[in-house]
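Engineer: The structure follows.
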Amino acid sequence: MKTIQTDILILGSGGAGLFAALHAHQSDPALDITIAVKGLLGKCGCTRMVQGGYNVALAAGDSVERHFMDTIEGGKWLPDQDLAWKLVTLAVERIHELENELGCFFDRNPDGSIHQKAFAGQSFDRTVHKGDLTGIEIINRLAEQVWARKIKRLEEHRAVALVKAKSGAAIAGVLMIDMRTGEFAFVQAKAVLLATGGGPTMYKYHTPSGDKSCDGLAMALRAGLTLRDLEMVQFHPTGLLAGAHTRMTGTVLEEGLRGSGGYLLNGEGARFMGNYDTKLERATRDIVSRAIYAEMRAGRTTPNGGVHISMAHLGPENVAKQFKGMVERCADSGFDLAGGLVEVVPTAHYMMGGVAFKADCSTALPGLFAAGEDTGGVHGANRLGGNGVANSTVYGGVAGEEMAAWVRTQGVLHQPDGDEIAAAEAACRAPLGRPAGDIEGVRQALYELMWNDVGIVRDATGLARARGALAALEARLNATGVDAGDLRYNLAWHDWLNLDNLILVSRAICEAALLRENSRGAHFREDFPGAGELATSTYSLVRTAGDGFSVSREPVKFTRVKPGETLLG
Ligand SMILES: Cc1cc2nc3c(=O)[nH]c(=O)nc-3n(C[C@H](O)[C@H](O)[C@H](O)COP(=O)(O)OP(=O)(O)OC[C@H]3O[C@@H](n4cnc5c(N)ncnc54)[C@H](O)[C@@H]3O)c2cc1C
């Protein structure tokens, strides 16, 4: 097997991965840094898809304390407060870096200051943006800076296993598949960053990029690491619903549509949000998603089974001008957003949960660091729109600096555990030895069961049903083969591997959801609708144990502010 050696190996080239590479390089330009990514650098992942923007306290009248309080209250008091504090304080530094060092242009006010718009759940207009294509601006500039430096790239390389040293005491490197050739390669590294961006693509309707299948979380589980807050899966209320035949179904229609006064109408033409929340369509994502889901369960649906968003009362010309991109996207799918009705459905958007990590991005496995959507704890039970890209860029930068320091002080190229490599390779090759089967059927079954039983509204009966169904689905996948004739760009094989990871992480989500017997933010238990005592809040931990999982709870440490208190004077 080909072996590559590097000082720092970064998995993923979203905001977290690219910032980590740049900051590690800045800390020590002599370091050998390699970015390995499942897609093409700069062209994949969700940071590129960021529409709305980036939260940061810049304007007069705003403050990091205010941003912090919004993040804690939005996260229903479950965030790790030190992680959230670092997020809001370093976001200020990072946005200046993006503008002044990396060359991003964000929209500006007539007086030249950065324009900041309103986003749900925030007490101040603090979302920096470039029109509604903020992520493309950020990723393009970051990618240019990476290309301009001596940073190595392994594109279309899929990480499949975190491999430990023979002693088990540290990471030795990562087993990869070169997707272009189908060959395995081992990348030995002194430090590894997990920045594969989570991504709840196990739900029937979902928003993240197609390259994301919770690979990082699955690798972490298999390596024995603990994940926190995994039950917290955020649904965006307005995913486009254009039928099962198109990948446009599930993609986000931005929050600004509701924010600017859009109506939600059920299949009977009635505006229904008044039955659920006094803020109507401007209620937070979790509330609107649950309301839409309730209408769907009551059968008051549109032809494709969702509800309608209606903007025409705001003036079709205004809508066309204000939401040009959204109007074009809807037109591509046969809908007239400006003057007619568009079908929408809640869509799985973001995972608040992920690898338990410290504020220096270190994990329980020495030499392994984590940043971005692969991590848990920053957002608690709910992520504010605009805090996702802030999280990945802030902590990506931190990880880069910390990995450089780690390599300098204690970085060693450990000999990998050969048995771990052999076992991981055998597991990946397993479907190649069996007759080709119905992978798509497994995917559809996963979509349905996660949507129905581990989705927007949960209860013990449904979760227990899902637990059994997921175990059965895993067995079904393990009996399903893939045509091994040609391993170059063998998409069926990669689909199989994606599903293997998605099912493992789905099982972990299900366990965490069963453990949490209250309703907080994104997690709603119909059998436990109350939020529980905030002062005795706990967060969930899940790890693999034998063929199953071990779950536990830890009390939230209110290190900066207690429920009922505020940092604002
Ligand atoms: C449509 C959409 C709109 C959004 N809008 C906003 C917004 O307005 N504001 C906001 O704050 N957040 C938004 N988000 C969320 C935001 O995009 C994410 O929180 C953030 O960008 C995640 O960054 P990341 O670096 O962790 O992961 P990503 O940017 O997703 O990058 C993950 C990388 O890992 C790679 N990868 C995956 N698996 C493997 C593997 N096995 N081996 C190697 N590489 C792998 C991927 O190819 C990719 O390069 C949005 C998300 C979506 C989907």
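The values are calculated or read from the model by the stated rules, or taken from the named source; none is laboratory data. These numbers come from a predicted model, not from an experiment. Methodologically, a virtual Cβ is constructed for each residue, glycine included, from the backbone with ideal geometry; neighbour enumeration extends over all protein chains shown.
Engineer: Would you mind stating whether residue 12 is buried (at least 19 other Cβ atoms within 10 Å of the Cβ), in contact with a Ser or Thr (Cβ under 8 Å, 6 or more places away or on another chain) and modelled with pLDDT under 95?
Structural biologist: Numbers: buried (at least 19 other Cβ atoms within 10 Å of the Cβ): yes; in contact with a Ser or Thr (Cβ under 8 Å, 6 or more places away or on another chain): yes; modelled with pLDDT under 95: no.
So residue 12 fails the test.
Engineer: Further, regarding this structure: So, of the residues in the range 44-67 that are within 11 Å of the ligand (Cβ to nearest atom), assigned to a loop (DSSP other than H, G, I, E, B) and closer than 27 Å to residue 113 by Cα, which turns out to be modelled with the highest pLDDT?
Structural biologist: Pass one, the range 44-67, residues within 11 Å of the ligand (Cβ to nearest atom): 44-56.
From the residues that got through so far, the ones that are assigned to a loop (DSSP other than H, G, I, E, B) too are 44-46, 50-53, 56.
Imposing the further condition that a residue be closer than 27 Å to residue 113 by Cα reduces the set to 50-53, 56.
On the way: 50: 93, 51: 86, 52: 83, 53: 92, 56: 98.
So, considering only residues that are within 11 Å of the ligand (Cβ to nearest atom), assigned to a loop (DSSP other than H, G, I, E, B) and closer than 27 Å to residue 113 by Cα, the one modelled with the highest pLDDT is 56.
Engineer: When the residues of the range 100-143 are narrowed to those that are acidic (Asp, Glu) and over 20 Å from residue 385 (Cα atoms), which ends up surrounded by the fewest Cβ atoms within 10 Å (Cβ to Cβ)?
Structural biologist: Here is the first cut: in the range 100-143, the ones acidic (Asp, Glu) are 101, 107, 111, 125, 132, 137.
Restricting the remaining residues to those that are over 20 Å from residue 385 (Cα atoms) gives 101, 111.
Values: 101: 12, 111: 5.
It comes out as 111.
Engineer: Among the residues that make up the range 26-37, is at least one of them acidic (Asp, Glu), in contact with a strand residue (DSSP E or B) (Cβ under 6 Å, 6 or more places away or on another chain) and surrounded by fewer than 19 Cβ atoms within 10 Å (Cβ to Cβ)? Don't jump to the end; show me each part of the working.
Structural biologist: Kept after step one, since they are acidic (Asp, Glu), are these residues of the range 26-37: 28, 32.
Filter once more, so that each one left must be in contact with a strand residue (DSSP E or B) (Cβ under 6 Å, 6 or more places away or on another chain): 32.
This time we only want the ones that are surrounded by fewer than 19 Cβ atoms within 10 Å (Cβ to Cβ), so: 32.
Yes, there is a match, as at least one residue in the range 26-37 is acidic (Asp, Glu), in contact with a strand residue (DSSP E or B) (Cβ under 6 Å, 6 or more places away or on another chain) and surrounded by fewer than 19 Cβ atoms within 10 Å (Cβ to Cβ).
Engineer: Residue under question is residue 306, and the condition is that it be on the phi < 0 side of the Ramachandran plot and either in contact with a Cys (Cβ under 9 Å, 6 or more places away or on another chain) or buried (at least 23 other Cβ atoms within 10 Å of the Cβ) (or both); does it hold?
Structural biologist: On the way: on the phi < 0 side of the Ramachandran plot: yes; either in contact with a Cys (Cβ under 9 Å, 6 or more places away or on another chain) or buried (at least 23 other Cβ atoms within 10 Å of the Cβ) (or both): yes.
Judged against the criteria, residue 306 is a match.
Engineer: If a residue counts only when it is in contact with a Leu (Cβ under 6 Å, 6 or more places away or on another chain) and away from the ligand (no atom under 15 Å from the Cβ), which strands (runs of 3 or more DSSP E) contained entirely in the range 202-310 have at least 3 such residues? Let's see the steps before the verdict.
Structural biologist: On the way: elements: 233-240, 263-265, 307-310.
Fully inside the range 202-310 and qualifying: 307-310.
Engineer: Further, regarding this structure: Every residue in the range 34-59 that is farther than 18 Å from residue 137 by Cα and in contact with a Ser or Thr (Cβ under 7 Å, 6 or more places away or on another chain), please. It would help to see each step written out before you state the result.
Structural biologist: Initial filter on the range 34-59 (farther than 18 Å from residue 137 by Cα): 34-39, 57-59.
Selection gives 34, 35, 37, 57.
Engineer: Does residue 199 satisfy the condition of being in a loop (DSSP other than H, G, I, E, B) and within 9 Å of the ligand (Cβ to nearest atom)?
Structural biologist: On the way: in a loop (DSSP other than H, G, I, E, B): yes; within 9 Å of the ligand (Cβ to nearest atom): yes.
Yes.
Engineer: Among the candidates 441, 376, which residue alone is closer than 25 Å to residue 467 by Cβ and surrounded by fewer than 24 Cβ atoms within 10 Å (Cβ to Cβ)?
Structural biologist: Values: 376 fails: surrounded by fewer than 24 Cβ atoms within 10 Å (Cβ to Cβ).
Of 441, 376, the one residue that is closer than 25 Å to residue 467 by Cβ and surrounded by fewer than 24 Cβ atoms within 10 Å (Cβ to Cβ) is 441.
Engineer: Let me ask something else. Any residue in the range 529-555 that is farther than 12 Å from residue 222 by Cα and free of Cβ contacts under 8 Å to residues at least 12 places away in the same chain sitting within a Cβ distance under 6 Å of a residue that is surrounded by 15 or more Cβ atoms within 10 Å (Cβ to Cβ) and of a type outside the set (Val, Ile, Thr)? List the pairs, counting only those 6 or more apart or interchain.
Structural biologist: Listed pairs, sorted by first residue: 529/519; 550/543.
Engineer: Before we move on, is residue 243 on the phi > 0 side of the Ramachandran plot and modelled with pLDDT of 95 or more? Talk me through it step by step, then tell me what you get.
Structural biologist: Values: on the phi > 0 side of the Ramachandran plot: yes; modelled with pLDDT of 95 or more: no.
In short, no.
Engineer: Kindly indicate which of 34, 71 is under 29 Å from residue 157 (Cβ atoms) and among the hydroxyl-bearing types (Ser, Thr, Tyr).
Structural biologist: On inspection, the qualifying residue turns out to be 34.
Engineer: While we're looking at this one, here's another question. Can you tell me which residue among 522, 479, 492, 484 is modelled with pLDDT under 95 and aliphatic (A, V, I, L, M)? Step through it out loud before you land on a result.
Structural biologist: On the way: 522 fails: modelled with pLDDT under 95; 479 fails: modelled with pLDDT under 95; 492 fails: modelled with pLDDT under 95.
Of the residues listed, the single one that is modelled with pLDDT under 95 and aliphatic (A, V, I, L, M) is 484.
Engineer: While we're here: Looking at this structure, is residue 343 in a strand (DSSP E or B), more than 11 Å from the ligand (Cβ to nearest atom) and charged (D, E, K, R)? Outline the logic, then answer.
Structural biologist: Details: in a strand (DSSP E or B): yes; more than 11 Å from the ligand (Cβ to nearest atom): yes; charged (D, E, K, R): yes.
It is true that residue 343 is in a strand (DSSP E or B), more than 11 Å from the ligand (Cβ to nearest atom) and charged (D, E, K, R).
Engineer: Here's something else I'd like to know. So, in the range 175-194, of the ones that are closer than 30 Å to residue 445 by Cβ and within 14 Å of the ligand (Cβ to nearest atom), which residue ends up surrounded by the most Cβ atoms within 10 Å (Cβ to Cβ)? Outline the logic, then answer.
Structural biologist: Filtering the range 175-194 for residues closer than 30 Å to residue 445 by Cβ gives 175-177, 179, 182, 184, 194.
From what is left, the residues that are within 14 Å of the ligand (Cβ to nearest atom) are 175-177, 179, 184, 194.
On the way: 175: 24, 176: 23, 177: 24, 179: 20, 184: 19, 194: 35.
Among those residues, the one meeting the criterion is 194.
Engineer: Among the numbered criteria (1) within 15 Å of the ligand (Cβ to nearest atom); (2) touching a helix residue (DSSP H, G or I) at 6+ places or on another chain (Cβ under 8 Å), which one does residue 4 miss?
Structural biologist: (2)
Engineer: Can you name the residue in the range 198-233 that is more than 19 Å from residue 361 (Cβ to Cβ) and of a type in the set (Asp, Glu) and is also surrounded by the most Cβ atoms within 10 Å (Cβ to Cβ) among such residues?
Structural biologist: Step by step, filter the range 198-233, then rank; the result is 231.
Engineer: Any residue that is touching an Asp or Glu at 6+ places or on another chain (Cβ under 8 Å), farther than 18 Å from residue 338 by Cα and among the polar types (S, T, N, Q) - is there at least one of those in the range 269-291?
Structural biologist: no
Engineer: A further question on this structure: Of all the residues that make up the range 371-399, how many are within 9 Å of the ligand (Cβ to nearest atom), in contact with a strand residue (DSSP E or B) (Cβ under 7 Å, 6 or more places away or on another chain) and either more than 19 Å from residue 214 (Cα to Cα) or small (Gly, Ala, Ser) (or both)?
Structural biologist: Final tally of qualifying residues: 6.
Engineer: Another question, then. Please work out if residue 5 is part of a helix (DSSP H, G or I) and surrounded by fewer than 19 Cβ atoms within 10 Å (Cβ to Cβ).
Structural biologist: Details: part of a helix (DSSP H, G or I): no; surrounded by fewer than 19 Cβ atoms within 10 Å (Cβ to Cβ): yes.
No, not satisfied.
Engineer: Let me ask something else about it. Return the total of residues in the range 28-43 being in a strand (DSSP E or B) and near the ligand (Cβ under 8 Å from one of its atoms).
Structural biologist: Step one: list which residues in the range 28-43 are in a strand (DSSP E or B), which gives 33-37.
If we keep only those that are near the ligand (Cβ under 8 Å from one of its atoms) as well, we get 36-37.
Counting residues in the range 28-43 that are in a strand (DSSP E or B) and near the ligand (Cβ under 8 Å from one of its atoms) gives 2.
Engineer: Also: What pairs come out if I take residues in the range 348-370 that are closer than 22 Å to residue 210 by Cβ and pair them with residues that are hydroxyl-bearing (Ser, Thr, Tyr) and part of a loop (DSSP other than H, G, I, E, B) whose C-beta lies under 9 Å away, six or more apart or interchain?
Structural biologist: Qualifying pairs under 9 Å: 348/201; 348/203; 348/205; 348/207; 349/207; 350/207.
Engineer: Further question: Name the residue, out of 338, 359, 381, that is over 26 Å from residue 55 (Cα atoms) and part of a loop (DSSP other than H, G, I, E, B).
Structural biologist: On the way: 359 fails: over 26 Å from residue 55 (Cα atoms); 381 fails: over 26 Å from residue 55 (Cα atoms).
Testing whether each residue is over 26 Å from residue 55 (Cα atoms) and part of a loop (DSSP other than H, G, I, E, B) leaves just 338.
Per-residue answers, yes or no, for (1) over 26 Å from residue 253 (Cα atoms); (2) within 12 Å of the ligand (Cβ to nearest atom); (3) touching a residue at least 24 places away in the same chain (Cβ under 8 Å); (4) in contact with a helix residue (DSSP H, G or I) (Cβ under 6 Å, 6 or more places away or on another chain):
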position	(1), (2), (3), (4)
88	yes, no, yes, yes
91	no, yes, yes, yes
108	no, no, no, no
117	no, yes, yes, no
120	no, yes, yes, no
132	no, yes, yes, yes
141	no, no, yes, no
